[in-house]
Each structure stands twice: as structure tokens, then as C-alpha cells.
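Everything on this sheet refers to the single structure shown next.
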Amino acid sequence: MKILVGVVPDASGSDAMALAGVLSRSLGGDVLIAHVYAAPSAQSGKRKVDAEWVAYLRADAEAVVADAAGAAPRYGLTQFETAVHGHKSSGVGLDELAQRIGADMIVIGSAPGASNGRFLIGSTADQLLHGSHVPVAVAPAGYRRVHPDVLGRLVVAFQDTTESHKALEWAAEHRGDRRLTALTVLLRHRVMGSNLAFDGEGLVSRQLEEDARVALGAALRALDTDADSELTIGDDASSAMGRVQWHGDELLVLASGGSVLRRVFLGDMTYKLVRATPVPAIVLPRHT
């Protein structure tokens with residue numbers, strides 16, 4: 001496995017390296033530390049691009065990578081390669097580099113401004129989470145300070161869709177000796193009105209919960225491996241995820257939403273879970 005970790009000159013770059021170290025030790029694989037600088041495209045028009053400016057941008061990118069390489073041993077990264085890549089869009093550039101080097105996943109940190117333990121989707125993440133050809137792993141803010149040595153559990157967000165079944169198979173293939181949990185998240189939809197409306201809402205919620213438990217059981221039996229299941233309910237994704245007992249050594253595995261392309265594509269629930277998860281998450285391309 002080859003892990004491409006995208007770094008920037010702030011704390012989120014360190015969070016990404018910490019997650020890359022955990023994934024490398026847990027799943028095995030080589031790490032490449034890279035930074036994408038804002039190079040002009042080949043279709044920039046007739047305007048002449050200042051060669052000295054481009055050279056400066058590249059030199060600055062190389063300095064960013066050099067600083068990251070110097071800090072990498074703090075996160076257990078002692079053997080790795082480095083690279084810089086020019087592209088006008090950082091997310092697209094990382095995906096382009098991943099394809100060029102044959103990377104199996106891309107690891108990034110949060111956008112600035114995220115609360116500790118949460119992931120904020122910025123422009124880079126948005127581009128990758130709506131178009132990467134390989135799985136994208138995201139490190140929550142502050143992960144550099146609380147990361148475990150290795151993963152202890154893979155948790156698959158399960159919705160009884162074809163892509164969720166494939167995500168469960170991916171997790172089973174990569175679990176090693178770790179625990180595997182299939183987690184279904186149900187969100188309540190409050191109905192304002194009479195008591196009869198609330199009674200009806202309760203009946204619907206109980207039926208959805210029963211259907212979800214049946215689907216979870218069937219999925220694990222079909223998987224034919226040692227795994228457990230869990231169901232959590234909340235008024236929103238954050239409250240539902242808050243009811244799950246997390247130990248900090250988990251990786252949340254998420255399937256892409258609807259898209260005809262074999263790429264990462266955030267569906268509505270996946271988007272909510274990426275923002276609500278207190279542990280790192282990895283989003284798989286469709287048909288993985």
C-alpha cells in the first residue's frame with residue numbers, strides 16, 4: 001500500500017502526518033509526504049507566466065515538505081519519500097499526484113478553524129471528497145496530540161446500500177487482528193403537531209430501527225467474519241455519533257454516495273458523518 005499525505009505549513013499538516021503514521025503502522029505501506037503549490041495551468045492563455053515567480057512557489061513548496069520531513073519522526077514516520085507538485089487547485093493536484101505515483105489513498109488534515117476532534121471541510125477536502133480516484137482519509141483537528149500507536153477498531157458506517165456492503169468488505173479485508181463494527185446511524189425527523197403525530201412518528205422510528213437491525217445482521221452473516229454491529233439514533237448526526245463509545249483508536253470507514261463515476265463522492269449522510277465523527281474517517285470511491 002502507498003499512502004500519499006498532503007501537508008501544509010500549519011497544524012493540520014501535522015495531524016495528517018500523525019494519521020498517515022497510524023495507517024502505515026496498522027495497514028502496512030509506504031508513505032510519500034507531498035505539498036501542492038499553486039502552479040499556473042498549461043491553458044493560462046496568452047499571458048506570460050513569470051518564471052521567477054513559479055520558481056519561488058516551487059522552492060517554497062520544497063521548504064514546506066522539508067519542514068514536514070523534519071517533524072515526521074515525531075509521528076513514527078522514519079522511512080518515507082517526499083514530493084512537490086504544481087497545480088492551481090490543491091485537491092485536484094493531490095489526486096493527480098496520487099494517480100501518477102500509484103497511491104492507494106490520500107491523507108489530509110482539516111481546514112483551519114475546526115474544533116478539536118472535528119474535521120472541517122475546506123476547498124482541498126471538498127475537491128478530494130467529490131472527485132478523488134482513491135480513498136481519502138481525513139484527520140480531525142488536534143489528532144497529532146491524541147493519536148494512538150495503531151488502530152484498534154474499524155467502524156463501517158452501514159446503510160444497507162451496495163456501496164456500504166462494499167465498504168464493509170473493504171474493512172474486513174484490511175482489518176488484520178482489529179475489531180470490526182458495522183454501525184448504522186439513524187436520524188429522527190421530528191414532527192410538530194398533535195399527540196397522534198408523535199405516536200405515528202414513534203411507530204415509524206421503531207420500524208426503521210427494526211429494519212436496520214435486520215439489515216445489519218444479514219450483512220454480517222454474509223460477510224462471514226467475526227464482527228459486531230451497533231445502531232445509534234439521534235436528532236442529528238452529531239448527537240447520534242456522540243452516543244457511540246469511542247476510544248480514540250478507531251477509523252470510521254465511509255462509502256461514497258450516488259455517482260456514476262468510480263470516484264469519491266459525498267452523499268448527504270456521508271457528509272454529515274465526516275463533520276460529526278470524533279475519530280479519523282476514510283471515504284472510499286464508489287465500487288471499491
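The values are calculated or read from the model by the stated rules, or taken from the named source; none is laboratory data. It should be emphasised that the depicted structure is a prediction, and the values quoted were computed from it without experimental measurement. Here the Cβ is made from the backbone with ideal geometry for all residues, glycine too, and neighbour counts use every protein chain on show. For accessibility, only protein heavy atoms count, side chains too; no ligands or nucleic acids. Shrake-Rupley method; radii C 1.70, N 1.55, O 1.52, S 1.80 Å.
Given the condition of a type outside the set (D, E, K, R), touching a strand residue (DSSP E or B) at 6+ places or on another chain (Cβ under 8 Å) and not in a helix (DSSP H, G or I), answer yes or no: does some residue in region 46-61 qualify? If you could, list the steps in order and put the result at the bottom.
Kept after step one, since they are of a type outside the set (D, E, K, R), are these residues of region 46-61: 49, 51, 53-57, 59, 61.
Now narrow it down to the ones that are touching a strand residue (DSSP E or B) at 6+ places or on another chain (Cβ under 8 Å): 54, 57, 61.
Checking the rest, the ones that are also not in a helix (DSSP H, G or I) come to none.
The answer is no; no qualifying residue exists.
Condition first: within 30 Å of Gly131 (Cα to Cα), out of contact with any helix residue (DSSP H, G or I) (no Cβ under 6 Å at 6 or more places or on another chain) and either at pLDDT 85 or above or open to solvent by 30 Å² or more (accessible area, probe 1.4 Å) (or both). Can you find one or more residues in region 197-212 that meet it?
Scanning region 197-212 turns up at least one residue that is within 30 Å of Gly131 (Cα to Cα), out of contact with any helix residue (DSSP H, G or I) (no Cβ under 6 Å at 6 or more places or on another chain) and either at pLDDT 85 or above or open to solvent by 30 Å² or more (accessible area, probe 1.4 Å) (or both).
Yes/no per residue for (1) open to solvent by 40 Å² or more (accessible area, probe 1.4 Å); (2) modelled with pLDDT under 95; (3) under 27 Å from Leu151 (Cβ atoms); (4) not polar (S, T, N, Q):
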{"position": "Lys2", "(1), (2), (3), (4)": "yes, no, yes, yes"}
{"position": "Val5", "(1), (2), (3), (4)": "no, no, yes, yes"}
{"position": "Ala18", "(1), (2), (3), (4)": "no, no, yes, yes"}
{"position": "Pro40", "(1), (2), (3), (4)": "yes, yes, no, yes"}
{"position": "Gln43", "(1), (2), (3), (4)": "yes, yes, no, no"}
{"position": "Lys48", "(1), (2), (3), (4)": "yes, yes, no, yes"}
{"position": "Ala68", "(1), (2), (3), (4)": "no, no, yes, yes"}
{"position": "Arg74", "(1), (2), (3), (4)": "yes, no, yes, yes"}
{"position": "Leu77", "(1), (2), (3), (4)": "no, no, yes, yes"}
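Across region 258-274, the qualifying residues are those that are of a type outside the set (A, V, I, L, M) and more than 24 Å from Ala98 (Cα to Cα), and the one among them that is modelled with the highest pLDDT is Lys272. Would a scan of region 109-125 turn up a residue that is under 23 Å from Arg178 (Cβ atoms) and aliphatic (A, V, I, L, M)? Checking region 109-125: not a single residue is under 23 Å from Arg178 (Cβ atoms) and aliphatic (A, V, I, L, M).
For region 223-240, the candidate set comprises residues that are of a type in the set (Gly, Ala, Ser) and in contact (Cβ under 8 Å) with a residue 12 or more places away in the chain; within that set, the residue that is nearest to Arg153 (Cα to Cα) is Ala227. Say whether the condition of being surrounded by fewer than 17 Cβ atoms within 10 Å (Cβ to Cβ) and part of a helix (DSSP H, G or I) is met by at least one residue in region 250-271. Checked region 250-271: at least one residue is surrounded by fewer than 17 Cβ atoms within 10 Å (Cβ to Cβ) and part of a helix (DSSP H, G or I). Checked against the criterion of being in contact with a helix residue (DSSP H, G or I) (Cβ under 9 Å, 6 or more places away or on another chain), outside any strand (DSSP E or B) and open to solvent by 20 Å² or more (accessible area, probe 1.4 Å), region 228-236 contains one or more residues that satisfy it.
Considering only residues in region 81-95 that are touching a residue at least 40 places away in the same chain (Cβ under 8 Å) and not small (Gly, Ala, Ser), the one that is most open to solvent (accessible area, probe 1.4 Å) turns out to be Lys88.
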